[in-house]
Amino acid sequence: MSVRNIRNHHSRGLLPAPEVRARVGYYSADHVARLRLIQDLQADGFNLAAIERLLSGSDGLARQLLGLRHAVTAPFDPETPEVLTAEELQARFGEVSTKDAERVRKLKLLVSLGDGRFEVPSPALLRAAEEVIALGIPLHAALALVERMSRDCDSISRGFTRLFLKELWEPFEQSGQPHERWDELIAAVGGLRPIASEALLALFKLSMTRQLEGAFGEVIEQQAKRKKSASA
């Protein structure tokens, strides 16, 4: 951070004055922590005016809001994005139609970096698509299913979010947002995310088993009927 920015934060009241000894200003670890907090808030979309309002009330409040936001936005299992060239993608998936390419863009499976290079935000999801195609399922059919899954996941995520707001945030807000309960609330958000993920996976496994058993039960029954008809 530049000296000019630090002085600007000081003049706006965002940063306490340094300790001056022999005409030299000394900044402590507390100043560094405040500067990092300001940078984090800016990175999360707060402008300096909003940050000034937050910090003028309580440094603790700003940190608590930032902690809550980090708990909400932290990735479940961080993946390291990959960068692939157009040639590498073609080798893995073959020729892709314009319609399928637009679907890939909307689903954000690939992000164009220019110069024929693409970032893969979720390599695991791309590998899953590749494995599905290897089974003989066309790309457009796989993408159509991913679109439907995305919509279903949005609906489920909204349900868990509403659960948090109604059962945790609203009572906390109605009680006046007591300082001592902020850590508890942030921990609850962090705990809700893996619980939601595990519950969704568990339910999907049960549902997938039922669907497969039902579908292949019908297939076996049809095959038995055909065999019986052929032998009659």
Of all residues making up the range 106-126, the number that are of a type in the set (K, R) and under 19 Å from the mean Cα position of the chain (by Cα):
2
From the list V219, V132, V120, V189, pick out the single residue that is within 24 Å of G67 (Cα to Cα) and among the aliphatic types (A, V, I, L, M).
V189
Pairs under 7 Å by beta carbon, first residue over 14 Å from R63 (Cβ atoms) in the range 177-188, partner in a helix (DSSP H, G or I), six or more apart or different chains?
R181/F172; A188/L168
May I ask you to list the residues in the range 183-232 that are basic (K, R) and open to solvent by less than 80 Å² (accessible area, probe 1.4 Å)?
R193
Counting only residues that are under 20 Å from A43 (Cβ atoms) and loosely packed, with under 12 Cβ neighbours inside 10 Å, how many does the range 2-15 have?
2
Among R36, R69, which is free of Cβ contacts under 8 Å to residues at least 40 places away in the same chain and exposed (fewer than 12 other Cβ atoms within 10 Å of the Cβ)?
R36
Exactly one condition in (1) part of a helix (DSSP H, G or I); (2) farther than 30 Å from V104 by Cβ; (3) not aromatic (F, W, Y) is false for E198; which is it?
(2)
Would you mind finding the one in V96, V83, V104, V20 that is of a type in the set (V, I, T) and over 30 Å from A142 (Cβ atoms)?
V20
Only one of E180, E173, E147 is among the charged types (D, E, K, R) and over 20 Å from H70 (Cβ atoms); which?
E147
Quick check on my filter: what residues within the range 36-60 are at pLDDT 85 or above and touching a His at 6+ places or on another chain (Cβ under 7 Å)?
I38
How many residues are small (G, A, S), without any contact (Cβ under 8 Å) to a residue 24 or more places away in the chain and surrounded by 12 or more Cβ atoms within 10 Å (Cβ to Cβ) when one looks only at the range 102-128?
1
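The values are calculated or read from the model by the stated rules, or taken from the named source; none is laboratory data. All values derive from a computational prediction rather than experimental measurement. Don't worry about glycine lacking a Cβ; one is built from the backbone with ideal geometry, like all the others, and counts go over all protein chains shown. Note: areas computed on protein heavy atoms with side chains; ligands, DNA, RNA excluded. Shrake-Rupley method; radii C 1.70, N 1.55, O 1.52, S 1.80 Å.
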